Amino acid sequence: MYSALKRASRVKLRISPPLSERPMSQSTDFRIETYVGAAMLNHLDRVAALRTAVFREWPYLYVGDDNYEREYLSHYAASPRSICVLARVGDEIVGASTGIPLRDDAASYHQPFERKGIPVDDVYYFGESVVLSEWRGRGIGHRFFDTREAHARAVGDFRWTAFCSVQRDENDPRRPSGYRGNGVFWTKRGYEPRTDMTCELTWPEIGSVEPVKHRLGVWMRKLVR
């Protein structure tokens with residue numbers, strides 16, 4: 001899902017927008033831009049660097065690799081109904097979010113749905129949303145969900161939107177003091193945790209020599225039209 005840290009730290013998370021960009025919408029502080037399918041390729045390097053940086057934080061603790069992230073995002077770009085949503089402040093990309101028909105995503109994401117008899121073709125899957133810490137709590141997350149849900153309605157007869165979230169022990173000593181997860185936010189967005197649906201993914205973790213297997217829980221919402 002998500003291995004070089006020195007290089008990632010040297011990459012500035014800035015990009016000059018091409019003249020052809022037309023933001024879908026705009027707020028006082030940031031603007032939202034949407035790219036479908038191969039259109040996201042122009043932003044691959046900066047989004048990969050952003051993801052690598054943000055995923056180092058709790059709860060992922062991911063020891064990132066920009067090359068892997070570019071490969072991961074290229075897989076999304078190969079799907080004509082995928083979406084990449086960017087939050088931009090001036091020339092700086094401060095947040096990014098992705099979505100893809102579950103059918104077009106890796107088989108490891110299919111498994112929890114197939115085990116429950118949920119047709120893969122009924123699900124539009126939301127990849128991770130990443131936002132720089134200083135821009136969290138300003139409404140970017142809501143805009144990411146609004147934009148991806150609207151896109152899912154427009155590109156197919158999907159019945160569900162869904163995403164996975166890494167599960168961590170509440171008493172994990174690495175958990176930052178005062179950390180608040182996104183569960184309340186997701187619930188307010190109408191998503192429900194499916195405690196009976198999980199998948200396992202492996203990625204290199206801070207403090208570990210070998211890649212670590214992680215369990216992720218599924219959240220789902222019926223796609224209201």
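Computed from the coordinates by the stated procedures, all read-outs in this text should not be read as laboratory data. What you are looking at is a predicted structure, and each value in this text was computed from that prediction instead of being measured. Because the Cβ atoms are built from the backbone with ideal geometry, glycine has one as well, and the counts that use them run over all protein chains shown.
Details
- Placing R0 at 41 angstrom, the Cβ-Cβ distance between Trp58 and Val224 gives a FRET efficiency of 0.80 after rounding to 0.05.
- Summing charges over neighbours of Arg103, with a neighbour being any other residue whose Cβ is under 11 Å away from its Cβ, gives -3 when K and R count +1 and D and E count -1.
- The stretch 176-211: chymotrypsin sites (Phe, Trp or Tyr not before Pro) in DSSP coil with no more than 14 other Cβ atoms inside 10 Å: Tyr179
- Annotation for the stretch 142-225: GluC sites (Glu not before Pro) lying in DSSP loop with at most 14 further Cβ atoms inside 10 Å of their Cβ are Glu170.
- Here the gap between Ser133 and Thr187, fully extended at 0.36 nm per residue and compared with their Cα-Cα distance, gives a gain of 17.3 nm.
- Rounded to the nearest 20, the Cβ-based charge dipole of the chain about its Cα centre (Lys and Arg +1, Asp and Glu -1) stands at 500 debye.
- Residues Cys164, Cys199, Cys84 arranged by fewest to most Cβ contacts within 10 Å: Cys199, Cys164, Cys84
- Contour minus Cα-Cα distance for Val209 and Arg180 (0.36 nm per residue): 7.6 nm
- As a proxy for reagent exposure, Arg148, Arg189 were ordered by neighbouring Cβ count within 10 angstrom, fewest first; the result is Arg189, Arg148.
- What the Cβ-Cβ distance of Ala107 and Arg153 gives, at R0 = 22 Å and to the nearest 0.05, is a FRET efficiency of 0.30.
- Listed values (1) 31, 24, 15; (2) 37, 21, 18; (3) 24, 23, 17, entry calculated as semi-axes √(5λ) of the Cα gyration tensor in Å: (3)
- Exposure proxy ranking, count of Cβ atoms within 10 Å, fewest first, for Ser129, Ser79: Ser79, Ser129
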